[in-house]
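The values are calculated or read from the model by the stated rules, or taken from the named source; none is laboratory data. Model, not experiment: these values are computed from the prediction. Counting neighbours? That spans all protein chains shown, and the Cβs are built from the backbone with ideal geometry, glycine included. With ligands, DNA and RNA removed, areas are computed over all heavy atoms of the protein, side chains included. Shrake-Rupley method; radii C 1.70, N 1.55, O 1.52, S 1.80 Å.
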Amino acid sequence: MNKREEGRILQSVSGRYLVRTPSGDISCQPRGRLRLSDSPLVGDWVEITADHGRGMVEAILPRRNRFIRPAIANVDALVVFAANVNPVTDPFLVDRVTAIAGDQGVPVILCVNKCDLDPAVDLIRIYRNAGYWVIPTSAETGEGIEELRHAVSGKLTAFTGNSGVGKSSILNRLCPELELKTGEVSEKLGRGRHTTRHVQLYPLDESTYVADTPGFSSFDTDMMELILKENLQYAFPDFAPFLGGCQFRDCSHRAEPGCQVTKALKDGKIERTRYESYLRLYEKAEQIKVWERKP
């Protein structure tokens, strides 16, 4: 007789899902109707039926959020990795991902890695001033590891960042028994040989899960997490103190007179790289139609 229970999807490979339930991990396939509608995602809470260690995903329980690339749901926080050395992270890549997370109401933690090689003072200043939790780390020395462990405790967090920045190395520091493969960084190209091929949840303890995800290239905004131009301002937490005070209610915060955001920029209260990223994302958002957004 099939047993019915609830669990969370830890891994998705070739149409099969590894679901963690109170009675153990069960390999499942989705019921046909799910394949035709909304496919299960890593991180989903699901209802399954199981018999002799094999199961069927019967239903997806309500989600708090979801990302299409990487394919993951119910994220409590996004940990974005950056570095100022081998490879150097372009702030725009960070801002694009933090905007996608902000649009879904997902908190962001910025992990500035390889601080043993470069302290990344400017990078840390920019994002602390923008209101993010910034943790300087080093997989080599162990700097920041315990603070990061505290930051992710009891949560499902997704790790992302440009290839070679050290996501898997930090995960190995957090949980050495994982023994994840890490990519060597080419001195010539300044980027890592990408080693993360799919999304998988790694349990650090009974209530803490970390997803090592593909890098920034998978967060391309084209036909994925599309943010409408009128919503983009709310995805920048450093803009929040200045919203609502502009001369025009529909201010785009670009060239309008009486704009409090551009005034804050001139007064040094908003970092210029952050504002420049906003302009680039706004230009892309202007091309999005409401009907293009995925439900």
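Distance from the C-alpha centroid of region 1-76 to that of region 116-179: 29 Å, rounded to the whole angstrom. Couplings 3J(HN,Hα) for region 227-243, derived from phi with the Karplus relation 6.51 cos²θ - 1.76 cosθ + 1.60 (θ = phi - 60°), are 10, 5, 4, 6, 9, 4, 4, 7, 8, 10, x, 6, 7, 3, x, 10, 7 Hz, where x marks Gly and Pro.
Considering only the Cα atoms of region 1-99, their convex hull presents on average a projected area of 8.2 nm². Can you send over the carbon and sulfur percentage of the accessible area for region 1-94, probe radius 1.4 Å, protein chains only? It is 53 percent, rounded to a whole number. Sequentially through region 202-211, phi angles give Karplus couplings (6.51, -1.76, 1.60; θ = phi - 60°) of 10, x, 8, 7, 5, 10, 10, 10, 10, 9 Hz, Gly and Pro residues having no value and appearing as x.
Pairs K263/K284; K167/K229; K229/K269; K114/K263: which exceed 27 Å Cα-Cα? Result: K167/K229; K114/K263 exceed 27 Å.
Peptides 274-285, 64-75 ordered by packing proxy, namely the average of other Cβ atoms within 10 Å per residue, highest first: 64-75, 274-285. The residues of region 112-151 expose, per residue, 49 Å² of accessible area to a 1.4 Å probe.
With R₀ fixed at 51 Å, the C-beta to C-beta distance from A255 to H150 puts the FRET efficiency at about 0.75.
Near C111, the amide H atoms lying under 5 Å from its own belong to V80, F81, A82, I135; only residues 5 or more places off or on other chains count, and H is placed 1.01 Å from N.
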